Amino acid sequence: MNVDKTKRIISKYGIYFVFIIMVMAMSFASPVFLTARNLMNVIRQVSVIGLISLGVTLVIISKGIDLSSGSVLAVAAVVAASLGQTGDWHAKMFPNLPEMPVIVPLLAALAIGLICGAINGTLIAKTGIPAFIATLGMMVSARGLALLYTDGRPVSSLTTSYQYIGQGYLLGIPVPVIIYLAMAFITWVLLNHTKFGKNIYAIGGNIHAAEVSGVNVQRNLIKIYAYAGLLAGLAGMVLSARVNTGQPGMGVSYELDAIAATTIGGTSHSGGIGTIGGAFVGALILGVLNNGLNLLGVSAYWQQIIKGCIIVGAVIIDMRKNAKKK
């Protein structure tokens, strides 16, 4: 095997090698790490950030950014939770509302996420303002909306069927993991086997060339951000179901973790480059890192510093790779 071929393999699959090395290192560092219970716990915890990172991957491939995911998660969570409370709860948000089937809060969470994402996309596509500014505005507004909706109080006492979304098991697998895997597959199909996916890569690669070739850039941008919002809304439902409450303070900095996951997974902030497989492994790397450092008793403050260094390192590597290609 020649040197160039080896470099190509490392460039393409390096993130998977890093993940394997991390798992091996953590298994030696802590005997608890490789237990079935701990590994299942890692995957369950990753599922919420993972769902958000799937949408963020599409956004970054299109050479955009989404800072609103955590706040959209929060507003979707509190709205869904308010529709999923038990009928006999004394502090019910809507006292005259009977217990609703779980599909109602689920559809509400998805609708909230979709609307917030579509607003982001419309602002970016129709006004031309930078994605950073549009989604920053949504981040602040959605958080305020969540606080206004709940008056700053948690929404508790959720029905058993609601809690099942975040705490239940199906064939021995946690339901959040099943939801994450299903959405990862759907997103992979969208990105790799549909015209929409091809348009995302085209927009990220060269937006002007995409327009010339007949791609409706504005419509596709709205779709991209709407889909990212939809996944953030779904993540809000899953998280609130897991902790049995919807809180307006949920999801703080989750958008940064999602950006970190997709960046670590090889999605280029220069646009036009990225895979769902990479984002999936990137989320797992963050999950393994957080879990391993917790098992080793590393301070949460140091964990933040380490995570920040990893993000910066991933971007530097990405920039160097792109510079070499040019």
Original post:
What number, in percent, do you get for the relative contact order of region 35-157 if the mean sequence gap of Cα pairs under 8 Å and at least 6 apart is divided by its residue count?
Top reply: 35 percent
**OP:** Can you tell me the order of 61-74, 228-241 when each peptide is scored by its average per-residue count of other Cβ atoms within 10 angstrom, highest first?
**Re:** 228-241, 61-74
**OP:** Give me the distance between the Cα centres of region 103-119 and region 272-299, rounded to whole Å.
**Re:** 27 Å
**OP:** List Thr35, Thr159 from most exposed to least, where exposure is judged by having the fewest other Cβ atoms within 10 Å.
**Re:** Thr35, Thr159
Original post:
Normalised by the residues of the chain, what does the relative contact order come to in percent, with Cα pairs under 8 Å and at least six apart?
Top reply: 33 percent
Original post:
Listed highest first by mean packing, meaning other Cβ atoms within 10 Å per residue, what order do 145-155, 84-94 come in?
Top reply: 145-155, 84-94
Original post:
Given a Förster radius of 41 Å and the C-beta distance between Ile317 and Arg153 as r, what FRET efficiency does 1/(1 + (r/R0)^6) yield to the nearest 0.05?
Top reply: 0.40
**OP:** With unit charges on the beta carbon (Lys/Arg positive, Asp/Glu negative), name the residue among Val298, Leu284, Leu234 whose Cα is farthest towards the positive pole of the charge dipole of the chain.
**Re:** Leu284
**OP:** Can you pull the one-decimal nm distance between simple spin-label points at Ile103 and Tyr301, each 7 Å off the Cα toward Cβ?
**Re:** 5.1 nm
Original post:
So, in nm, how far is label Thr122 from label Tyr16 when the simple model puts each one 7 Å beyond its Cα toward the Cβ?
Top reply: 4.2 nm
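Laboratory data are not the source of any read-out in this text; all were calculated from the coordinates shown. These numbers were taken from a predicted model, which means no experiment stands behind them. As a convention, Cβ positions derive from the backbone with ideal geometry for all residues, glycine included, and neighbour counts pool all protein chains shown.
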